[in-house]
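Please read the structure below before turning to the comments.
The values are calculated or read from the model by the stated rules, or taken from the named source; none is laboratory data. Not measured: the values here are computed from a predicted model. Ideal geometry is used to build each Cβ from the backbone, glycine not excepted, and the neighbour counts take in all protein chains shown. With ligands, DNA and RNA removed, areas are computed over all heavy atoms of the protein, side chains included. Shrake-Rupley method; radii C 1.70, N 1.55, O 1.52, S 1.80 Å.
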Amino acid sequence: MANTTLSRPPSTAPDWTISQRWDRYTSAEHAMWDRLFARQAAMLRGRVAPAFLDGLDMLRMSRPGIPDFMELSERLMKATGWQVVAVPGLIPDDVFFDHLANRRFVAGNFIRTPQQLDYLQEPDVFHDVFGHVPLLANPVFADYMQAYGIGGQRAASGGVIERLSRLYWYTVEFGLIRGRDDELKIYGAGIVSSHGESVFALDDPSPNRLGFDVKRLMRTPYRIDDYQQTYFVIDSFDDLLHRTLDADFGPLYHELAQAPDYEIDTIGPGDTIYTRGTQAYARMKRAHDKADRPEAAGAPARGD
Ligand code: PHE
Ligand code: FE
């Protein structure tokens, strides 16, 4: 995701990209990728949307080592016209939106250390590439990502990025989808790349799982420090694309300017409920935080 109060490092191009420097990865770094890949590939079988596995396949991502963005982009370009470009870390919102609007996905080029196996604060190449890139080989999802970038440019000019970023969060990062057998599956990159959350998001009784609704979702805050308390379930990528691309968010942003947020764990009368969560996990974590640090609540790490 992106930010606005950043200054561009001198090593970056005007569009904030850098060279991936694939030849600079050490064998330990490639081994780190392989370890994460093997662990997630095993975990995701039967849990992830089939389109994700199709993407891994089509892009030949199961070959060992951190993918070379040039080669990955070549395959992706043939499939859907997308490219993967490297950036050093967080980039400003407008730069992020411009890349998406032009079918360029920005990815961090560094990989987590063994100490960061399960938690790191900035998205690394495993989260960005393993998590996000496979679905970019899907034509419908590829169109959604580009539409999001264009929508972002529009939201930025209206000063309503926070509303739109909730849509990104609850779909691209933490979305669930109804499978053909009506079982829920994962497609959000933040879940897909997380060992813990790929179980939690589907199986844990704690979080709410609610039907996707743009207006509702734009009124729902999200957590960057721990597993989500609410997930939203789409019917299909086609349905997601139509409900967002075909809608004019202008009047919606205007209407939502007066609307209060939902509590992060609340279910409302209009919600379609797949799971009414117990919220036991979030409550347990809150109790621990209070015991550890009486004056401050909330933990720093992000569970990519
Ligand atoms: N239709 C949205 C708008 O009017 C743009 C958008 C499309 C945003 C798809 C996100 C995803 O701004
Ligand atoms: Fe991400």
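Just a few scattered comments:
Per-residue answers, yes or no, for (1) touching a helix residue (DSSP H, G or I) at 6+ places or on another chain (Cβ under 6 Å); (2) over 21 Å from residue 147 (Cβ atoms); (3) at pLDDT below 95; (4) open to solvent by less than 50 Å² (accessible area, probe 1.4 Å):
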| site | (1), (2), (3), (4) |
| --- | --- |
| 35 | no, yes, no, no |
| 50 | no, yes, no, no |
| 53 | no, yes, no, no |
| 61 | no, yes, no, yes |
| 71 | no, yes, no, no |
| 74 | no, yes, no, no |
| 83 | yes, no, no, no |
| 90 | no, yes, yes, no |
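- Lone qualifier among 6, 72 - being part of a loop (DSSP other than H, G, I, E, B), hydrophobic (A, V, I, L, M, F, W, C) and touching a strand residue (DSSP E or B) at 6+ places or on another chain (Cβ under 8 Å): 6
- Identification of helices (runs of 4 or more DSSP H) wholly contained in the stretch 149-237 with 1 or more residues that are touching an Asp or Glu at 6+ places or on another chain (Cβ under 9 Å) and surrounded by fewer than 22 Cβ atoms within 10 Å (Cβ to Cβ) yields 161-168, 197-203, 214-218.
- Filtered residues of the stretch 109-137 (kept if surrounded by fewer than 21 Cβ atoms within 10 Å (Cβ to Cβ) and under 23 Å from residue 10 (Cβ atoms)): 110, 122
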